[in-house]
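The values are calculated or read from the model by the stated rules, or taken from the named source; none is laboratory data. If you're wondering where the values come from, they're calculated on a predicted model, not measured in any experiment. Cβ atoms come from the backbone with ideal geometry, glycine included; neighbour counts cover every protein chain shown. All accessible areas refer to the heavy atoms of the entire protein, side chains included, with ligands and DNA or RNA removed. Shrake-Rupley method; radii C 1.70, N 1.55, O 1.52, S 1.80 Å.
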Amino acid sequence: MRRYLCSKADLKDDSKKRTRCYDKIDMRTDCKAFLQFQIGKDGVWTCVRHEMVHNHEMVPLEKRHLLSGVQVADAIRVMRKEAGGSPMVGFTQRDAYNALAAEKQKQLDGCDCKQLIRISAQRLKATNGLCDFSNVFVDVVSEWRSRGNGEDFNCLRGNRHLAFANVSIVLHAREVYAREVYKIFEEEFVKGTACDQENVGGSFPKFIYYIWRSKVDLIKHQVCFDKESHQIRCTCKYFSEMGILCSHSLRVYHLHCVGRITERYILKRWCKSAFSSQSVEELRDKSKVFQSSMCRAQTLRFLVHFVTTCQDIPLCRDEFEHGLKLLKEKVESIRGPIEFSKGGEDQVVIDMSELSIKDPPLAIKNMREILGQTVLLRRHVIRQKLGGKKL
């Protein structure tokens, strides 16, 4: 008889819980789903009992690849078996861990802007231009989003233990903000619950409060709140610096039972849509669509090379000018007339082949004589300033 349970069966045993500097993800939800097999004498497995209903959300399809993982020790053990022993592998288990640790240090940690700028500059030097750098940067951001997707997967599987699990404004922030930003918002909300408030004036719909933490804050911050528009302003200026409502403002919001964050206080750069990997995939699909500056640089580089190739052959120049006229007509049919600078027909075309230096060896000789005389004159002037001493 074999019985297979869900990975979230039973509950976590907290009876022997000790104080640790870290917490493991709690994924137990006491799920009752199971499969029970009976093995016959002929080795055939027969399902005799089952419970297919789970009491938790299933892992989305785009995150199912994160369910299976192979530990480093297990991978090395398989390699030893396949190679025929440890001497045939070529490296030890410690070498594998050191190599993986070195690779992790080279990657972005998702919060260090200086490291992002440094890596971007290094990759820009290694590429051939802004367009190539754009493709490389998309790969870096995609790797960054993939790591964030793994962290979202861990949050999805783990149980949520919140001190304020059913507060409407906190639930709204969880839906709107990205994971790291939501953590900051939650910390500010929890900090605001420990604050004291004092109504110092105002009449409906505008109220003025003093907010502070007793025996912690040295000053009291003034918060002005409009109950009709939910517009709020605090003297701490935290929103102006961070783009997230401060603990004092959230205290007043909670005091007046405001269930949602006002749209004017939700910055786009902190939303999930700004951190979504979909934008990276769309940018990858449209890899040939660049910003105007990148498009201009790429086109100019191509045209300069094209003109340089055609300039010595009259027939190629004629074809190039004819093609430019056709291209101008097609572009004008889309965006309207294009006005070029006047005087294009009256300009004199100079043949650069006629501007060659006459007798180059003689010119170089004369230039060397002029430079030599200049050096002697400078030495003479310096010698006079030093009182006739030799240099």
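Among the residues of region 188-224, which ones are part of a loop (DSSP other than H, G, I, E, B) and either surrounded by 13 or more Cβ atoms within 10 Å (Cβ to Cβ) or acidic (D, E) (or both)?
Residues satisfying the conditions are C195, G202, R213, D217, K220.
Tell me which residues, restricted to region 226-242, are exposed (fewer than 15 other Cβ atoms within 10 Å of the Cβ), in a loop (DSSP other than H, G, I, E, B) and not charged (D, E, K, R).
S229, Q231
Just to be sure, is R251 within 21 Å of N166 (Cβ to Cβ), open to solvent by 30 Å² or more (accessible area, probe 1.4 Å) and at pLDDT 90 or above?
yes
I need a count of the residues in region 311-339 that are part of a helix (DSSP H, G or I), of a type in the set (D, E) and more than 39 Å from the chain's Cα centre (by Cα).
Counting residues in region 311-339 that are part of a helix (DSSP H, G or I), of a type in the set (D, E) and more than 39 Å from the chain's Cα centre (by Cα) gives 4.
In this structure, does E62 turn out to be outside any loop (DSSP other than H, G, I, E, B), modelled with pLDDT under 80, more than 29 Å from D152 (Cβ to Cβ) and open to solvent by 60 Å² or more (accessible area, probe 1.4 Å)?
no
Of the residues in region 29-63, how many are closer than 29 Å to M1 by Cα and within 32 Å of the chain's Cα centre (by Cα)?
Residues in region 29-63 being closer than 29 Å to M1 by Cα and within 32 Å of the chain's Cα centre (by Cα): 4 in total.
So, of the residues in region 287-310 that are open to solvent by less than 90 Å² (accessible area, probe 1.4 Å) and outside any helix (DSSP H, G or I), which turns out to be modelled with the highest pLDDT?
Taking the candidates together, the pick is F290.
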